[in-house]
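Colleague: One structure coming up, written as structure tokens, with questions to follow.
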Amino acid sequence: MIHSKNGHSEKRELTALDSVGAINILLIPLIVSVVFLFGVLGFGLWAYSSRQDYKDNTDEKITAAVEVAKKETATEKDNEFIEREKRPLKDYQGPSAFGGVEISYPKTWAGYVDDSGRGGNGIDAYFHPNFVPATNSDTNFALRVQVSDRSFDTELERLETSVRQGKLTSRPFQPARVNGVTGMRFEGEVERDKQGILVLLPLRDKTLKIWTEAEQYRTDFESIILQEFTFEP
């Protein structure tokens with residue numbers, strides 16, 4: 001009788017495969033456990049390091065935080081003081097021949113006004129914090145006021161090119177304290193190399209022009225100048 005060896009070979013192969021499969025299945029939880037262990041160790045080291053850093057540098061951190069708080073408080077108090085010092089406001093009132101223009105401005109500002117009517121403008125005024133620099137200087141004045149001898153339409157035409165070129169934006173403007181008058185408000189390059197806000201208003205056969213030549217005076221210009229001025233149309 002002849003005996004086959006194939007049965008024994010197949011059993012040995014199946015046993016080997018079963019062993020490999022079992023090993024592979026056991027490796028997965030082992031790898032997961034190792035990764036988890038490293039994660040726990042890493043977190044522990046980070047937590048210990050942070051705790052140690054906080055422990056070693058508590059005084060420095062508290063001191064730095066206190067200094068920041070002091071600076072912020074000082075800045076806030078300085079700003080409040082500056083705002084309080086601006087009031088009560090000063091007033092300028094021009095001749096009735098030029099609309100009796102009345103401008104209220106911070107008392108910390110100084111003014112230079114020519115309302116003689118000479119030089120092509122009924123009123124030509126300059127206002128600036130502390131003192132007024134030379135009017136022919138490159139200063140970006142906080143406030144300029146003019147009563148131009150040119151008509152409202154003529155003044156608008158002079159600005160149309162800047163609007164088309166995108167140097168200025170424009171929109172209608174109505175004064176807070178003057179009824180029945182609509183002008184135009186421009187923002188952008190109000191003068192060459194000077195960024196600000198310009199308001200034009202019709203004043204009989206003339207034009208009232210009020211503007212600031214620097215962005216840093218925007219808040220005062222909008223909250224004080226434009227809210228308080230008045231004139232007789």
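The values are calculated or read from the model by the stated rules, or taken from the named source; none is laboratory data. Remember, predicted model here, so these are calculated numbers, not experimental data. For neighbour counting, all protein chains shown are included, and Cβ atoms are generated from backbone atoms with ideal geometry for every residue, glycine included. Just the protein is used for accessible areas: all its heavy atoms, side chains included, with ligands, DNA and RNA removed. Shrake-Rupley method; radii C 1.70, N 1.55, O 1.52, S 1.80 Å.
Colleague: Given the stretch 99-217, what count of lysine pairs have C-alpha atoms under 24 Å apart, with each pair 8 or more places apart or on different chains?
Modeller: Step by step, the pairs that qualify in the stretch 99-217 add up to 4.
Colleague: Another question, if that's okay. Which of the chymotrypsin sites (Phe, Trp or Tyr not before Pro) across the stretch 126-201 are loop residues per DSSP, with 14 or fewer other Cβ within 10 Å?
Modeller: Working: sites: Y126, F127, F131, F141, F152, F173, F186; in loops: F131, F141.
Sites meeting the loop and neighbour criteria: F131.
Colleague: If you don't mind, another one. What accessible area, in Å² to the nearest ten, does a 1.4 Å probe give for T135?
Modeller: Accessible area, nearest 10 Å²: 60 Å².
Colleague: Then there is this: Take R118, R218, R171 and sort them by solvent-accessible surface of the protein heavy atoms, 1.4 Å probe, largest at the top.
Modeller: R118, R171, R218
Colleague: Now for a separate question. Express the carbon and sulfur contribution to the solvent-accessible surface of the stretch 122-211 as a percent, rounded to the nearest whole number, probe 1.4 angstrom.
Modeller: The value for the stretch 122-211 is 40 percent carbon and sulfur by accessible area.
Colleague: Relative to the present Cα-Cα distance, how much length would full extension add between A134 and I62 at 0.36 nm per residue of separation? Don't skip to the answer; put the middle values down first.
Modeller: Numbers: separation 72, 0.36 × 72 = 25.92 nm, distance 4.95 nm.
Additional length available on full extension: 21.0 nm.
Colleague: Now, a different point. Please state the relative contact order of the stretch 74-233 as a whole percent: Cα pairs under 8 Å, 6+ residues apart? Intermediate results must be reported in sequence, preceding the final value.
Modeller: Working: 310 pairs, mean separation 34.6, N = 160.
Reported relative contact order: 22 percent.
Colleague: Find how much the distance from S116 to Q195 grows on full extension, using 0.36 nm per residue of separation minus their present alpha carbon separation; answer in nm with one decimal.
Modeller: 25.6 nm
Colleague: Follow-up. In nm, what is the difference between 0.36 nm times the number of residues separating E228 and L45 and their Cα-Cα distance?
Modeller: Full extension of this stretch gives 59.4 nm more.
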